[in-house]
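The values are calculated or read from the model by the stated rules, or taken from the named source; none is laboratory data. For clarity, every value in this text was computed on a predicted model and none was experimentally measured. Cβ coordinates were reconstructed from backbone atoms using ideal geometry, including for glycine residues, and neighbour counts include every protein chain displayed. What goes into the accessible areas is simple: the full protein's heavy atoms, side chains included, and nothing from ligands, DNA or RNA. Shrake-Rupley method; radii C 1.70, N 1.55, O 1.52, S 1.80 Å.
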Amino acid sequence: MHTTQKILITGHSGMVGSALLRLLKKNGNNHLLTPPHAELELRDQASVMAYFKQHTPEYVFHLAAIVGGIHANNTYPAKFIYDNTQMHCNVIEAAAKYKVKKILFPGSACTYPKLAPQPIKESAFLDGLLEPTNIAYAAAKINGIIMCQAYAREYALNAIVPMPTNAYGVGDNFHPEASHVIPALMKRFHDAKEQALQEVVLWGSGKPLREFIYVDDLANALLFLMEKYDSSDIINVGTMQEITIAELANEIADVVGFTGRITLDTTKPDGAPRKCLDSARLLSLGWKPATPLGEGLRKMYDYYCQQSPIIYSSPSGVAIAKQTL
């Protein structure tokens, strides 16, 4: 993929899309297509076809998606499945029709079975029941994955499907009803520090193990795969570095500067005991993550503080953190 070739990034203003955009610009790519919503309505097939016909992208990173945490998934399942399915169906069809050189469509770790053996291998895909709280989002992603593989087989579309683990970092969403575990905890500890609270309560035992990847490392992995990987077979993208929720909370508290107590409410659910992707295939190709968790959290917190965050008051003097992931 040369710096003069046209690269379309859908979702370029999101956390992953903006990180990829920064990386491509740093590498000297000067034909980047980043259309705003007013120019390209991804849910409208005519709009997508017209855009591809006019701009003829050679490489496509389809990163646009409606995303959110458990609350958003439970509240807007119809929007999650409809919008996401419409978008990738239109983009993949246009990519095939206008013969792009390569398209990347990221899956999601939530498409793996809830009780998949750990670390999760790519072969676990469709081999068990999904987590019900995000089934609409996962179903849309599954449709996109199978669509990429079907178009690769029937139309020889060069489509790749990386399966990322949980990403975090600059550009993350800190909204209390839509954020994932790291931004949710970061906001809770920040608010507790600002309000001089003496305690933050975490749901669960703190024992579940989770894996995270800094967004710049994820962007680097996506670009690496776009340049080095030519198969529609799923390939996991993770660090294989695990941490308990309790350890994660302590790391975030240290970064934020919260010095109060962290209490575990063991009457509340833990979620899955472990979620880690087996990324041996990717690592064997020569890619590896570059950002330790502590460094990534510090960069993320600097970004958060620059956004003039809203402080949500806690009349009880105790902040309650729901960290299910």
* **Farthest toward positive dipole pole in the chain [+1 Lys/Arg, -1 Asp/Glu at C-beta], among Gly69, Pro35, Pro269** => Pro35
* Structure fact -> For the chain, the longest principal axis of the Cα atoms and the Cα long axis of helix 293-306 enclose an angle in degrees, to the nearest 10, of 90 degrees
* **the chain, relative contact order in percent, only Cα pairs under 8 angstrom and at least six apart counted** => 20 percent
* Structure fact -> Measuring from the longest principal axis of the C-alpha atoms of the chain, the long axis of helix 77-97 (C-alpha) lies at a number of degrees, nearest 10, equal to 30 degrees
* Multiply the residue gap between Asp44 and Ala156 by 0.36 nm, knock off their C-alpha separation, and tell me the result in nm, one decimal place. => 37.9 nm
* **Cut-off 13 Å (backbone N to label point 7 Å along Cα→Cβ of Thr4), residues of region 27-55** => 30-31
* **Relative contact order computed over region 104-229 (Cα-Cα under 8 Å; 6+ residues apart), in percent** => 25 percent
* Residue-by-residue Karplus 3J(HN,Hα) for region 271-282, coefficients 6.51, -1.76, 1.60, Hz, glycine and proline x -> x, 4, x, 7, 9, 8, 8, 7, 9, 4, 5, 5
* To do: Run the dipole for region 117-235 about the Cα centre, Lys and Arg Cβ at +1, Asp and Glu Cβ at -1, nothing else charged, and hand back the magnitude in debye, nearest 20.
  => 200 debye
* Gaussian network model of the chain, Cα springs within a sub-10 Å range: biggest mean-square fluctuation belongs to which of Tyr214, Tyr76, Tyr59? -> Tyr76
* Asked: So what's the net charge close to Ser231: Lys and Arg +1, Asp and Glu -1, counting the other residues with Cβ under 14 Å from its Cβ?
  -> 0
* Structure fact -> For the chain, the percent of accessible surface on carbon and sulfur atoms (probe 1.4 angstrom, ligands and nucleic acids excluded) is 53 percent
* Counting only C-alpha contacts under 8 Å and six or more residues apart, can you give the relative contact order of region 222-314 as a whole percent? => 44 percent
* Solvent-accessible area per residue for the chain at a 1.4 Å probe radius, Å²? -> 45 Å²
* Structure fact -> Karplus-derived 3J(HN,Hα) from phi for region 12-19 (6.51 cos²θ - 1.76 cosθ + 1.60, θ = phi - 60°), whole Hz, x at Gly and Pro, runs 5, 8, x, 4, 6, x, 5, 5
* Per-residue SASA entry for His31, accessible area with 1.4 Å probe, Å² rounded to 10 -> 80 Å²
* **Length released on extending from Ala272 to Leu129, taking residue separation times 0.36 nm less the Cα-Cα span** => 50.2 nm
* **With all protein chains modelled, accessible area of Arg43 [1.4 Å, Å²]** => 90 Å²
* To do: At 0.36 nm per residue, minus the direct Cα-Cα distance, what do Lys53 and Glu295 gain on full extension? Give it in nm, one decimal, please.
  => 82.8 nm
* So which lysines can Lys102 reach, going by Cα to Cα under 20 Å and dropping same-chain residues fewer than 8 places off? -> Lys6, Lys25, Lys53, Lys141, Lys228
* To do: Kindly sort Leu197, Leu104, Leu283 by accessible area of their heavy atoms, largest first, with the probe set to 1.4 Å.
  => Leu283, Leu197, Leu104
* **Estimated FRET transfer efficiency when R0 is 22 angstrom, pair Asn27-Asp230 (beta carbons, to 0.05)** => 0.65
* Grab the alpha carbons of region 158-225, take their convex hull, and tell me the volume per residue in Å³. => 123 Å³
* Structure fact -> Here the convex hull volume per residue of region 95-232, taken over Cα atoms and given in Å³, is 144 Å³
* Which label belongs to the value computed from this structure, given these candidates for log10 I(q)/I(0) by the Debye sum over Cα atoms at q = 0.07, 0.11, 0.12, 0.16 Å⁻¹: (1) -0.28, -0.72, -0.87, -1.60; (2) -0.28, -0.70, -0.83, -1.41; (3) -0.34, -0.78, -0.89, -1.31? -> (2)
